[in-house]
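Have a look at the structure below before the remarks.
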Amino acid sequence: MTVSSDHALSAEEQESLDRAGYVIRRDVFDRAEIADMAVHCERLVGDLVRHRQGKREQYGSYVFDSDLINSVVIKWEGDTDYVHGIEPFAHLSPPLEAWAYDRRLIEPMRQFVGYEDVELFTEKLNLKRPRHGGENPLHQDYPYWIRVADEATEVATTIVFLDDATVENGCLWVVPGSHKDGQWITRTDGDAFAANEVDPGAYPDLEVVPVELAAGSTLSFGPFLVHRSAPNTSDHGRRALLYSYQPVGRRKMVDNMRHR
């Protein structure tokens, strides 16, 4: 698919997507723009967790706290008061929703998804606080979405990094080319949520490579790219916005939350 736009994928980027399964763009947003996003992210976190007395439940590798009043799920770092992530959030923050439709993000996503008209399926704010940010295990997005998206194969994600992402503070690690093999073998040694994770024992010789990027950069990929992230062992935070897109008119994650 060819999109007439200066933000569309170049031939080199399309080759990277076909071969490796992801596209990197550096310096997409400047310092002022990233600072604005970060302010709204921290405000959202503060508003959601202030005096929060919800019920925490562990599923797989995560500790969830479903805030059904606000139609959002808070992920905690175990039994601490550090937030690991928030999903979905666009309906709670008009400024962060507006950033998702910036042409620098929406134009290439048209090519990733394969449709001219695309919109958000879900949005995640991932937080790896200094010395507290936990890991995200090896996984593909597809198994998590197959039950909640109308067509999980037509969902693609762009990560906007709000801080420099390094090996020390828990950057993303990817398996280049893993998107070519469809759904990978998943775990059978945990609960139903853990069954969404890739079974590392089935792939003992994986090449997993770190993606270290400066704040303001983006990483985009489809539902089958295998990826993970390690804990933050540094004194520097690693915050990231994950915007996932799909064709217009389909069920969104927030719709599932409201139905609950």
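We did not get these values from a lab; they are worked out from the coordinates using the rules stated. What you are looking at is a predicted structure, and each value in this text was computed from that prediction instead of being measured. In this analysis, Cβ positions are derived from the backbone assuming ideal geometry, glycine residues included, and neighbour counts consider all displayed protein chains.
Each residue of region 163-180 was assigned a 3J(HN,Hα) from its phi angle through the Karplus curve 6.51 cos²θ - 1.76 cosθ + 1.60 (θ = phi - 60°); the sequence is 10, 4, 9, 10, 4, 5, 9, x, 5, 6, 10, 10, 10, x, x, 5, 5, 7 Hz, with glycine and proline shown as x.
When peptides 201-209, 98-106 are ranked by their average number of other Cβ atoms within 10 Å per residue, the highest-first order is 98-106, 201-209. Under the definition of Cα pairs under 8 Å and six or more residues apart, what whole-number percent is the relative contact order of region 104-260? Reported as a whole number, the value is 45 percent.
Just how far, in whole angstrom, is region 27-46 from region 85-145 if you go by their alpha carbon centroids? Comparing the Cα centres of region 85-145 and region 27-46, I get a distance of 14 Å. Near residue 201: Cβ cut-off under 13 Å, other residues only, Lys/Arg at +1 and Asp/Glu at -1. The net charge is -3. Charge dipole (Cα centre; +1 on Lys/Arg Cβ, -1 on Asp/Glu Cβ; no other charges) of the chain amounts to roughly 660 debye. Among 107-120, 215-228, sorting by the average number of other beta carbon atoms lying within 10 angstrom of each residue, highest first, gives 215-228, 107-120.
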